[in-house]
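Engineer: Submitted below is the structure of interest, expressed as structure tokens.
The numbers here are math on the coordinates, done by the rules we state, and not lab data. For clarity, every value in this text was computed on a predicted model and none was experimentally measured. Reconstructed Cβ throughout: ideal geometry from the backbone, glycine too, with neighbour counts over all protein chains shown.
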Amino acid sequence: MTAKAPVSNSRFKVIGTTPIRHDAMDKVTGQARYGADISMPGLLHGKILRSPHAHAKIRSIDAAKALALPGVKAVVTAADLPVLSGRPVDVAEGSPLNPRFLSNNVLASGKVLYQGHAVAGVAADSVHTAERALSL
């Protein structure tokens, strides 16, 4: 067994130093802009309805009241998603991926798999309208 030569510290110039944060003053003074600060004409806000229960059967989802709410543009459930084949597909890492399994994890279809599983999505003119639509 041979001993490895010690790695030169010159390769790790960042470790152990204090980085210069060019945006620090903007963040501290509240001048920094984040994604949530950006508003554009026609911008929609999305919210996800998550299940409070684990392993619960979905009897039905009626989105009519939410869609009737002024400002709500769309409500999406698993019924709106295309049915994908269960045939595994190779991905970049080389591991086969089952598209149907992935689709069922995006929005619950027929049965909620875990607490917090997404059941529906709402797109509306404002965050408050989207939240109100989820409560209907």
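Engineer: By counting other Cβ atoms within 10 Å of each Cβ, how are 131, 93 ranked from fewest to most? Spell out each step's value before the answer.
Structural biologist: On the way: 131 13, 93 7.
Fewest-to-most Cβ neighbours within 10 Å comes out as 93, 131.
Engineer: Which value at 222 nm does the chain reach when only helices count, each DSSP H run of 4 or more adding -39,500 (n - 2.57), with the total divided by all residues and rounded to the nearest 500 deg cm²/dmol? Can you show the working numbers first?
Structural biologist: Details: 4 runs with 28 residues, N = 136.
Taking each H run of at least 4 residues, the total per residue is -5000 deg cm²/dmol.
Engineer: Seen from all sides and averaged, what is the projected area of the convex hull of the Cα atoms in the range 43-135, in nm²?
Structural biologist: 7.2
Engineer: Within the range 1-131, what is the number of lysine pairs with alpha carbons under 19 Å apart, leaving out pairs fewer than eight places apart on the same chain?
Structural biologist: On the way: 47/65; 47/73; 57/111; 65/73.
Lysine pairs satisfying the spacing and distance rule in the range 1-131 number 4.
Engineer: Still on this structure: Excluding residue 114 itself, calculate the net charge of residues whose Cβ lies under 15 Å from the Cβ of residue 114, where each Lys or Arg counts +1 and each Asp or Glu counts -1.
Structural biologist: Result for the local shell: +3.
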